[in-house]
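Heads up, the thing below is written out as structure tokens.
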Amino acid sequence: MADENDPKEDTLAAWAAIDYHSATAQGEPAYGPAKGGRPEGSLRKKRMSRPSIFKRALKAVLPARWVQRLRRRRLFLRSLRSLRADAHVEHFGKIHEIVLSKEWAERNMASLMRMTYHDALGQAGQKALLRSREIKLYSQNGDDGLLLYVFSKIGVRSRQAVNLGCGGSSNTANLVINFGWSSLEIDGGADNVACARDFYRQALGDGADRATVKQAWITRENVNDLIRDAGVTDADLIDIDIDGNDYWIWQALDAIQPAAVLIEYNACLGPAKSVTVPYDEQFDVRSQPCKWYHGASLTALTKLGKEKGYALIGCESNGVNAIFVRRDLMAEHFEEVTPAEAYYPHFQRRSDDPRYDVLQTLPYEQV
């Protein structure tokens, strides 16, 4: 039964309203109530059958406001079905963006409360501390707040970031837009590069040159030249997220020795295995038999980090990115943790999903 104070109910109602008003504004059939009846051209005809006994019974026993909530929920679900059936992908994507924005606004508020009352709540340990610092503004998950906290402790030198794989979202954008950093953004996709350039032009205006966006297919053979050719000789942060050869790219990197490394790990591989996908210069996750087949395990990246002089300090809580700090900058600020201590499972990938079985059949390289 619906709870009047349940925020989920309010969210459903808001979605339904957004769908209705957006569809109406675009001249598309609105699958909801409208003055004077349904708009002409609606794909769903109004049912003329009399209300069922069950519906009449509900109306008799439930308060009117609950009946309205149930009606809005039904309209919302009907709208989603219609959007999918009619392939209104762009329209559905807008609703999805609004939903995610609301979800992350709530999570950011929760992080601020955890940050403020961390000691009072008795949440001990570095893992809980780092989680309390997670905030998402432009980043993939809560990396924006996590990175700010890390650099507030270890300090900054060059205010330069390097982002390898800038498609979709950017873990460096907050530092560039709000804290005056510069960034070198490299991606192999033309659409991702165009999107990043447009984003920084709008966000920075005349200062857009602080974000250098280049299109290039990143390999272990060219990664150092790409960075040097862009004039970057020092950096405080490198973010590696190319959905494939991440391990091999970091292994080959020697053009810079950043203070911190943010790198995607494949949580599907668990915290114990030390494996990565074999190196393939043309590796593209979109052409793989399973889209979860990419990157390396957290343990593999931790071993590589030790070889390169970095210590694992934690992961963000959605189970996507791990953060490493250069050992000479650790001091008393952070403790090195094990992969088992830092690990979070991926927030969207369930272990009972059939794709896990597919992953077991694909080749990996022990490292």
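Bear in mind that the values in this text are calculations on the coordinates, not laboratory data. Because the structure is a prediction, the values reported are computed rather than measured. Here the Cβ is made from the backbone with ideal geometry for all residues, glycine too, and neighbour counts use every protein chain on show.
The residues on offer are Ala230, Ala211, Ala203, and the sole one that is of a type in the set (Gly, Ala, Ser) and under 29 Å from Pro278 (Cβ atoms) is Ala230.
Of a type outside the set (Val, Ile, Thr) and crowded, with 20+ Cβ neighbours inside 10 Å - does that describe any residue in segment 345-354? Before you say what the answer is, go through the steps one by one.
Pass one, segment 345-354, residues of a type outside the set (Val, Ile, Thr): 345-354.
Right, trim to crowded, with 20+ Cβ neighbours inside 10 Å and you get none.
Scanning segment 345-354, I find no residue that is of a type outside the set (Val, Ile, Thr) and crowded, with 20+ Cβ neighbours inside 10 Å, so the answer is no.
Just a yes or no: is a residue in segment 215-236 of a type in the set (A, V, I, L, M, F, W, C), within 23 Å of Glu264 (Cβ to Cβ) and within 18 Å of the chain's Cα centre (by Cα)? No. The set of residues in segment 135-175 that are polar (S, T, N, Q) and either assigned to a loop (DSSP other than H, G, I, E, B) or farther than 24 Å from Trp217 by Cβ (or both) comprises Ser139, Gln140, Asn141, Ser152, Ser158, Ser169, Ser170, Asn171, Thr172, Asn174. Taking the criterion of being closer than 16 Å to Tyr356 by Cα and assigned to a loop (DSSP other than H, G, I, E, B), the residues of segment 273-286 that qualify are Lys273, Val277.
In segment 216-234, the condition of being under 24 Å from Asn141 (Cα atoms) and in contact with a Pro (Cβ under 9 Å, 6 or more places away or on another chain) is met by no residue.
Out of everything in segment 312-367 that is in a loop (DSSP other than H, G, I, E, B) and of a type in the set (Lys, Arg), what residue ends up being nearest to Gly142 (Cα to Cα)? For segment 312-367, the residue satisfying everything is Arg349.
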